[in-house]
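Beneath this line is the structure, given in structure tokens, with notes to follow.
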Amino acid sequence: MFVAGGVGITPLMSMLRAMHDRRESRQVTLIYASRGPDDILFTAELIALEAAQYPALKVIYVLSGPPSWWTGETGHVDARRLREWCGGLEDKAFYICCPARMNAELVRGLRNLGVSPRHVHCDYFSF
């Protein structure tokens, strides 16, 4: 499970590209939170990676300020929603790269749901 908030997608893209180059078939779900569709980075590349199937990538876009035409996920990402999107938390590893507050809330929420700290990996950045 990859979780990106805004520009936090950047280090996760490096990991996805490496998996693609090595033709890894592992399943990866990317939850990508942005304010609106114009804030989504790497759109064309993510679409191409999903189609290429290396890795077996599923991207879920979550917009906190969606336009009226948006039919995808909306609101904020939290640990309970992660559990929903990934079909349970057992045997999952989480790679999180988001703004500090979102990062802290996700880590706390995952721990409260019983995810081992060994399965939660974070990249911290701030502005």
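Every read-out reported here was derived from the displayed coordinates using simple, explicitly stated rules and does not represent laboratory data. Keep in mind that this is a model prediction, so the values were computed, not measured. Ideal geometry is used to build each Cβ from the backbone, glycine not excepted, and the neighbour counts take in all protein chains shown.
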- Query: What is the percent of Cα-Cα separations in the range 78-127 that go past 14 Å?
  - Reply: 45 percent
- Message: Given R₀ = 35 Å, what would the calculated FRET efficiency be for MET15 paired with SER64, taking r from the Cβ atoms and rounding to 0.05?
- Response: 0.90
- Message: Could you give each residue of the range 25-39 its phi-based ³J(HN,Hα) in whole Hz, using Karplus coefficients 6.51, -1.76, 1.60 with θ = phi - 60°, and x for Gly or Pro?
- Response: 9, 4, 8, 10, 9, 10, 9, 10, 8, 9, 5, x, x, 6, 8
- Under-5 Å amide H pairs with ILE60, H placed in peptide plane, nonlocal only: LEU30, ILE31, TYR32
- Cα-centre dipole for the chain with unit charges at Cβ (Lys and Arg positive, Asp and Glu negative), debye to 20: 340 debye
- Task: Using 0.36 nm per residue of separation minus the Cα-Cα distance, give me the extension gain between LYS92 and ALA51 in nm, one decimal.
- Result: 12.5 nm
- Query: How big is the chain in terms of Cα radius of gyration and Dmax, in angstroms?
  - Reply: 13.9, 40
- Item | Projected label distance in nm at ALA100 and ASN112, using a 7 Å step from Cα toward the beta-carbon | 2.1 nm
- Hull volume per residue for the range 8-82, using the convex hull of the C-alpha atoms, in Å³ is 94 Å³
